[in-house]
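*Asks:* First, the structure itself, so that you have it in front of you.
The values are calculated or read from the model by the stated rules, or taken from the named source; none is laboratory data. Values in this document were obtained by computation on a predicted structure and should not be read as measured data. Cβ: placed from backbone, ideal geometry, glycine included. Neighbour counts: every protein chain shown.
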Amino acid sequence: MAATTFNLADLFEQAVDAWPDRDYIVCGDTRLTYGEMDARANQLAHHLAAQGIGPGDHVGIYALNCAEWVETLWAVFKLRAVWVNINYRYVEDELAYIFQNADLKALVVAPEFVAHVEGVRPHSPMLTHVLVMGPAYEEALAAQSPIRDFGERSNDDIYILYTGGTTGMPKGVVWRHQDVLMALGGGIDLRSGHVMQDPTEFIEKGNAFAMTSLPTMPLMHGAAQWSVMGGSFTGNRIILMDRFDAAEVWRLIEAERVNLLMITGDAMARPLMDEMIAHPDARDTSSMFAISSTAALFSQGLKDAFLDTFPNIVITDSIGSSEGGANGISMVTRGTPIQGGPTVTAIKETIVVDDDLNPIPAGTGQIGRLARSGNLPLGYYKDPEKTAATFITAPDGKRYVIPGDFARLEADGTITLLGRGSVCINSGGEKIFPEEVENALKSHPEVFDAVVIGVPDERFGETVAAVVQPRVGTAPSLEALQEHCRGHIAGYKVPRRLTMVDAIVRSPAGKPDYRWAKDTALADLNS
């Protein structure tokens, strides 16, 4: 059945009908074609329906990357239900929160996490069915028909993406299928601005060119979800790994002839480059023609290192958010001055506004907040107050999402992302964005990773503190790091406190855990 809507399940089924025998998912020893994945997802959907799951019901997915993760997402969408991404690092208190907040009615879970689920299940009265991956999961599928016999679906069906929660409790961002497809799934081309008018355009793209992609991020993160779903619509072959490992990434690129490598900033780029430098001739990477970074800081020093190592490969850097979708993309070039986070060519719906929602002119140097109009979420799940604060209607009637990212519109029309306002440091009235300082620190040859936060200061209210993971065998001093940073950023942004750690704590998606960093720095200062 050809898709007649921009419903995500319809689009996947359209791809299955176009390329049933094309390889789809490779994860460990599991290899599935589009047709095989569709049949298994149909079986799982029938099983869930027999347990009372239907349109609008919420089904959690709690596992590391695996083929079953992808099967579950399509099975849930086939029923017009809503799947909920569960962070596999959560402890029981956090699990109890998200199970209740998301109103989970069913859960598909990997065996290694069952004990956590049992610990919070008494506090989750809506959760009526838990299916454990493994023998029970396979028995459930085997008992059901692989036939696709579901009813019509709608562009208004719901997709919810729970945020990472690195600065607060996670929030469920509620999207209509058509809106999220346009914002994140390729419905609007980020480079040309072309807006897809007919779903069969995905098939035309897939017939003209399909690639093998390797998203290194966990599927509970939006960037990985959309690398899989967006690639599915155009017939891509997708390689998954359960956990990030730099040596394994390079092995998979050689073994599976990967064309596109997808990473999230320095957290993945740095160990990948270190592994490549240590073993430059260990793997054949000749199949790879593109590297894409998104969702986290990709510092200029690492961009330059990748360009030196792969001079004939296209490298892109992009920005976006769970609430706003994709905001822009840029081709990575050498030697861009350290000036914050990524500098990208914005899509036409993205602007920088002042506190009164007035667009800030290009080239003024004025810092404002990133705002996006067009295809937007409906809001946050069960949180009208935060919805009203983030999704704002301007006096002219246009609706914007303003999630709190500060940015600057440059003279050439590009946008430099400076960082999330919730972690902005206020030192004597000066706003200091951690990503800008982190970028400067990580360009020092002895710094492997760094996170920057504000700590209390009697004179200035807050001062800049750096939590640094040094490279093995080094111990950079605060004075050395300050001298280095002064060559890249203004003096008032330079760290005044330094805490050395064995490893920086980041989310599985590669984003810094600012709460952990602040607690670590304060403990060091008070010791």
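*Asks:* Answer yes if at least one residue in the stretch 184-198 is in contact with a Pro (Cβ under 7 Å, 6 or more places away or on another chain), touching a residue at least 40 places away in the same chain (Cβ under 8 Å), crowded, with 22+ Cβ neighbours inside 10 Å and not aromatic (Phe, Trp, Tyr), and no otherwise.
*Replies:* no
*Asks:* Quick one: which residue in VAL114, VAL120 is modelled with pLDDT of 95 or more and under 23 Å from PRO508 (Cα atoms)?
*Replies:* Every option except VAL114 fails the conditions.
*Asks:* Tell me, which residue of the stretch 407-434 that is in a strand (DSSP E or B) and in contact with a Phe, Trp or Tyr (Cβ under 6 Å, 6 or more places away or on another chain) is modelled with the highest pLDDT?
*Replies:* SER427
*Asks:* What is the residue count in the stretch 261-289 for residues that are surrounded by 18 or more Cβ atoms within 10 Å (Cβ to Cβ), part of a loop (DSSP other than H, G, I, E, B) and either in contact with a Ser or Thr (Cβ under 6 Å, 6 or more places away or on another chain) or β-branched (Val, Ile, Thr) (or both)?
*Replies:* Selection size over the stretch 261-289: 2.
*Asks:* Continuing with this model, one more query. Let me confirm something: among MET211, MET229, which residue is in contact (Cβ under 8 Å) with a residue 40 or more places away in the chain and surrounded by fewer than 23 Cβ atoms within 10 Å (Cβ to Cβ)?
*Replies:* MET211
*Asks:* Additional query: Please go through the stretch 245-259 and pick out each residue that is out of contact with any Lys or Arg (no Cβ under 7 Å at 6 or more places or on another chain) and either crowded, with 22+ Cβ neighbours inside 10 Å or not hydrophobic (A, V, I, L, M, F, W, C) (or both).
*Replies:* ASP245, GLU248, VAL249, GLU256, ARG257, VAL258, ASN259
*Asks:* Restricted to the stretch 320-339, and to residues that are out of contact with any helix residue (DSSP H, G or I) (no Cβ under 9 Å at 6 or more places or on another chain) and at pLDDT below 75, which residue is surrounded by the most Cβ atoms within 10 Å (Cβ to Cβ)?
*Replies:* For the stretch 320-339, the residue satisfying everything is ASN327.
*Asks:* For the subset of the stretch 40-53 comprising residues that are aliphatic (A, V, I, L, M) and surrounded by 20 or more Cβ atoms within 10 Å (Cβ to Cβ), which member is farthest from THR72 (Cα to Cα)?
*Replies:* Taking the candidates together, the pick is ILE53.
*Asks:* Out of everything in the stretch 136-165 that is touching a strand residue (DSSP E or B) at 6+ places or on another chain (Cβ under 7 Å) and outside any helix (DSSP H, G or I), what residue ends up being modelled with the lowest pLDDT?
*Replies:* THR163
*Asks:* Does ALA411 satisfy being touching a residue at least 12 places away in the same chain (Cβ under 8 Å) and within 26 Å of ASN526 (Cα to Cα)?
*Replies:* In short, no.
*Asks:* If you don't mind, there's one more thing I want to ask. Of the numbered conditions (1) within 21 Å of the chain's Cα centre (by Cα); (2) surrounded by 18 or more Cβ atoms within 10 Å (Cβ to Cβ), VAL117 satisfies every one except a single condition; which is it?
*Replies:* VAL117 satisfies all of (1) within 21 Å of the chain's Cα centre (by Cα); (2) surrounded by 18 or more Cβ atoms within 10 Å (Cβ to Cβ) except (1).
*Asks:* Look at the stretch 54-89 and say how many of its residues are of a type in the set (Asp, Glu) and surrounded by fewer than 24 Cβ atoms within 10 Å (Cβ to Cβ).
*Replies:* 1
*Asks:* Do you know which residues across the stretch 194-248 are of a type in the set (S, T, N, Q), part of a loop (DSSP other than H, G, I, E, B) and more than 20 Å from LEU181 (Cβ to Cβ)?
*Replies:* Within the stretch 194-248, THR216 is the sole residue that qualifies.
*Asks:* Right, another one. Would you say ALA96 is part of a helix (DSSP H, G or I) and modelled with pLDDT under 95?
*Replies:* yes
*Asks:* Still on this model: Quick one: what pairs do we get from the stretch 431-453, first residue charged (D, E, K, R), second crowded, with 22+ Cβ neighbours inside 10 Å and modelled with pLDDT of 90 or more, C-beta under 6 Å, 6+ apart or different chains?
*Replies:* Partner pairs satisfying both residue conditions: GLU438/ALA450; GLU438/VAL452; LYS442/ALA450.
*Asks:* Here's a follow-up. Tally time: how many residues in the stretch 11-39 are surrounded by 24 or more Cβ atoms within 10 Å (Cβ to Cβ) and out of contact with any helix residue (DSSP H, G or I) (no Cβ under 6 Å at 6 or more places or on another chain)?
*Replies:* 1
*Asks:* Cβ contacts < 8 Å: first residue over 13 Å from GLY454 (Cα atoms), restricted to the stretch 504-527; second residue at pLDDT below 90 and of a type in the set (Asp, Glu), any location; separation 6+ or different chain. Result?
*Replies:* These pairs meet every condition: VAL505/ASP513; ARG506/ASP513; SER507/ASP513; GLY510/ASP266.
*Asks:* When you scan the stretch 73-88, how many residues do you find that are under 28 Å from ILE203 (Cα atoms), assigned to a loop (DSSP other than H, G, I, E, B) and touching a strand residue (DSSP E or B) at 6+ places or on another chain (Cβ under 8 Å)?
*Replies:* Residues meeting the conditions: 1.
*Asks:* Limited to the stretch 57-96, what total is found for residues that are under 22 Å from ILE25 (Cα atoms) and of a type in the set (D, E, K, R)?
*Replies:* Residues meeting the conditions: 3.
*Asks:* Select from the stretch 457-511 the residues that are among the small types (Gly, Ala, Ser), out of contact with any Leu (no Cβ under 8 Å at 6 or more places or on another chain) and crowded, with 19+ Cβ neighbours inside 10 Å and list them in ascending order.
*Replies:* SER507, ALA509, GLY510
*Asks:* So which residues in the stretch 499-527 are of a type outside the set (S, T, N, Q) and in contact with a helix residue (DSSP H, G or I) (Cβ under 6 Å, 6 or more places away or on another chain), if there are any at all?
*Replies:* Passing the criteria: VAL505, ARG506, GLY510, TYR514.
*Asks:* Take residues that are more than 22 Å from MET126 (Cβ to Cβ) and tell me which of the strands (runs of 3 or more DSSP E) falling wholly in the stretch 9-72 contain 1 or more.
*Replies:* So the answer is 23-27, 30-33.
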